[in-house]
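To keep things clear, I will list the structure first and then write my remarks on it.
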Amino acid sequence: MVRDAIAPNTKSSWQFRIVVAVIAHRDAMCGNLQSKICNRKWYNLLWGRLRAWLPLLLILLLALSWRLVLWAQPLHEPANDEVEYIRVARDLLAGHGWSFYTAWRWLRAPLYPLFLAGSLWLAGGDLQRAALPNILASVGVVYLVYRLARELAPAGSERGPLLAALAAALLQTNATFASLYMSETLFSLLFGGALLMLAVWRRSGGGWRLAMAGVLFGLACLTRSAALVFLPLLTLWVAGVLVWRERRLQFKQLLLALLPAIGAALVIAPWTVRNCRAYGTCILIETGFAYNLWAFYEPREDLEAINKALEAIPNPVDRANEATRRGLERLREDPSILLRKIPVEWRRLWAVKIIQDRFLLPSYYADPPPAVFLAGLVLDDLLYLLVLSLASFGLALSLPRRDGLALLIALWLGVFVAVTLLTHAEGRYRHFLFIVLLPLAGVGADALLRGVRLRPAAALAATLPLALALLPLLVHYPWSWALHGVPRSLYRGAGDGLAALGQLASAEQAYRAALAANETPDGWLALGDLRRRQGDLAGAGEAYDLAQALARPYAAASARRGDLLREQGQFDAARVAFRGYYLDEGRLTDWSYRFLRPQPAAQIDLGDGLDFGYVGGMYPAELVQGATARWTVGDGRVRVGVPGAAAGLLTLRVAAPWPDNRPGPLQICAGAQCATVVLDAHWRTVRLVLPAGTSEIRLQSPTFAAADGRELGVLVDRAALVAAQGDEPAGVFTRRRAASGHSRWWP
């Protein structure tokens, strides 16, 4: 019997492959076997399960695809907390521990920096690929939304959970944050997992589920400590469920009610103990609340002065005490600050704002891609409005049910909003609510489609908070930004398409129409690039100048203008253009290497003001040991090229003035071929033969921590490439066959 031959958990066996073949070729198999397999219970069960799970699998695939589409854009410029998280994660990878917080204005919860450090380690230090684990976590959040909606929906209802999962998959802010180096996605995954464990325990029992919920909740607190205030209410909810079941509270039930708190405490305790030992006084998780108490309660000092004052205090405990003292002092002077603060923070929480992390942009001054901008108006703003409205309806429907899960969700909504109003609110904090708003919205949408009506009392209870939330959403919506952005995006998208088809004249008309609808720096840059492609160099320069006039610190405008002048041989003017206005040279270096494609250069003098676009992974130029050079970050890149050369002879002038005169190993790679040299503090000229077609070399080395906090690799002064001819010069690195038979590079 085929059914009896198939044992469970044999996915790699030949029997399992038969099952897969049956599913893939149902009609053929049924016809060939004449219903001997088709009538088997195992087959019907397997086929039924596949059909039942197929809609959810498609939604999860959609969620993954949408997130990967956004992730595939050029690496965005870090914004807000990303800068801190990336720095701490790199410190952890470099073995510096939590040294960043010895001089920072607060102590942060540790779990997300650890998560990001692990992601960077898996990605080999590549920041863009390090977002992939977060993307998988975001897809996991979509699944959790589906499961939570199933727990809230009436028994047997599948439409509501699928609608909730679809909304979670499409909501653009969820998809965008999957590629941001922020803690919101990880928190949603952990907190949603804790809620699901509690929901399953409520339905099926099992003390281990309560303990696991506590562990996940503790991990969520180590991601964002704002959830900590919810723990007492969670414990009371568990106790309430137990009392409702048994109609009495026994000692055993009391222990069960404490299981989530015990699990959370066991997870949080190691970090607290670490803080006690590191700072002399215990800090439970972080000190962000103390900072908020001073910085966001109408202080007499500006934020810059507050930050400088706190960063001058060496111990995080003393910093927190000082911030708390100053905040309470101000509050005692004017207690009405609290009343004035609540409506301001309420508006910040619910209103839509044009913030840096709304789109994944390579620069704060850049325009979103046309398709991404238009999608954001529908899949972000409009969908957010629908979710908020439907979630209110779904909560009003779910609260009267006796299972109690909706009550737990309502408690979380109330507690988080209250804490946010008393501390500090930002639009991105809605992500801490979406994990419950989306399941409620799915339930509400399904109820509306079924024609369910609310009782008057429930309708009033749902309408009042909804109206208060919709008021800032609609009144403070950036209508001008949206109304001007729509025609700009449509014309820009049309221009890009026409330019790709070679219809340059029509593309220019579309770009001009985009500028007429909404003049932006990127609009002028697009027109300048088109004119440069047409051979109108003077017109291109004029467009670049107009872009720079709109945003002087914009790296793209300075880089494009400098590259144009450099190509024309106007080197002094190019240096001035590259310098820009109030422009950070490190940002210009990174942007130029990612987006400029300069003419191939056989000789590059690093740090001469003309190397932008040719070097990456390097710090701004500085005068070191009598030469203008650049330090690498440990993984430097140099673009070199000799058109038409079969092979090239590369000459590098490098040094490694490391502390204590330690030798510095440098690995020079061209494609998959690498050679290693050991450097010291003095300049050394290294020569090696590069294979044909080499356009980039990588300079990889260990790093050391400089006094200014930078991680420094090696110094690079010059790079030159000439066509290799005749015999190889002495000292050249050439490719030879090793005794082992493997191809290596040897000096």
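Nothing in this text is a laboratory measurement; each read-out follows from the coordinates by a stated rule. Small disclaimer: the values here were computed from a predicted structure and weren't measured. Note that each Cβ is placed from the backbone with ideal geometry, even for glycine, and that neighbours are counted across all protein chains shown.
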Quick one: of the DSSP bridges fully inside the chain, what percent are antiparallel, nearest 5?
95 percent
If I stretch the segment between Asp545 and Leu386 completely, what's the gain in nm (0.36 nm per residue apart, minus their alpha carbon distance), one decimal?
52.9 nm
Ordered by residue, what ³J(HN,Hα) values in Hz, to whole numbers, does region 698-703 give under the Karplus form 6.51 cos²θ - 1.76 cosθ + 1.60, where θ = phi - 60° and Gly and Pro are x?
10, 10, 10, 7, x, 10
Over all directions, what mean area does the Cα convex hull of region 79-126 project, stated in square nanometres?
3.3 nm²
Can you list residues from other chains, or at least 5 along the same chain, whose modelled amide H is less than 5 Å from the amide H of Leu690?
Gly648, Leu649, Leu650
With a/c under 1.5 counting as rounded, go ahead and sort region 487-596 into rounded, prolate or oblate using the C-alpha gyration tensor (a ≥ b ≥ c being the square roots of the eigenvalues; past the cut-off, prolate if a/b is larger than b/c, else oblate).
prolate
Suppose we look only past 36 Å in the calculated P(r) of region 57-475. What percent of the Cα-Cα pairs does that tail hold?
26 percent
Report, in deg cm²/dmol and to the nearest 500, the calculated mean residue ellipticity at 222 nm for the chain, where each DSSP H run with n ≥ 4 adds -39500 (n - 2.57) and the sum is divided by the residue count.
-18500 deg cm²/dmol
Using a Debye calculation, one point per C-alpha and no hydration shell, please list log10 I(q)/I(0) for region 565-678 at q = 0.18 Å⁻¹ in order.
-1.06
Using a Förster radius of 45 Å, what is the FRET efficiency between Gln356 and Leu448 based on their Cβ-Cβ separation? Nearest 0.05, please.
0.80
Gyration tensor (Cα) of the chain, equivalent ellipsoid semi-axes in angstrom:
50, 34, 31
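What FRET efficiency comes out for Asp572 versus Gln625 if R0 is 25 angstrom and r is the Cβ-Cβ distance? Round to the nearest 0.05. Walk me through the numbers before you get to the answer.
Values: r = 26 Å, r/R0 = 1.03.
It comes out at approximately 0.45.
At 0.36 nm per residue, minus the direct Cα-Cα distance, what do Arg637 and Leu266 gain on full extension? Give it in nm, one decimal, please.
Between Arg637 and Leu266, full extension yields 129.0 nm more.
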Treating the Cα atoms of region 170-251 as identical point scatterers in vacuum, please give the log10 of the normalised Debye intensity I(q)/I(0) at q = 0.17, 0.18, 0.22, 0.24 Å⁻¹, two decimals.
-0.74, -0.80, -1.02, -1.13
Residue order, fewest to most beta carbons within 10 Å, for His484, His682, His431:
His682, His484, His431
Karplus (6.51, -1.76, 1.60) ³J(HN,Hα), θ = phi - 60°, over region 622-634, in Hz, Gly and Pro reported as x:
8, 8, 9, 6, x, 9, 7, 9, 10, 7, 7, 8, x
Extension length gain for Arg51 and Leu374 (0.36 nm per residue less Cα distance), in nm, is 112.9 nm
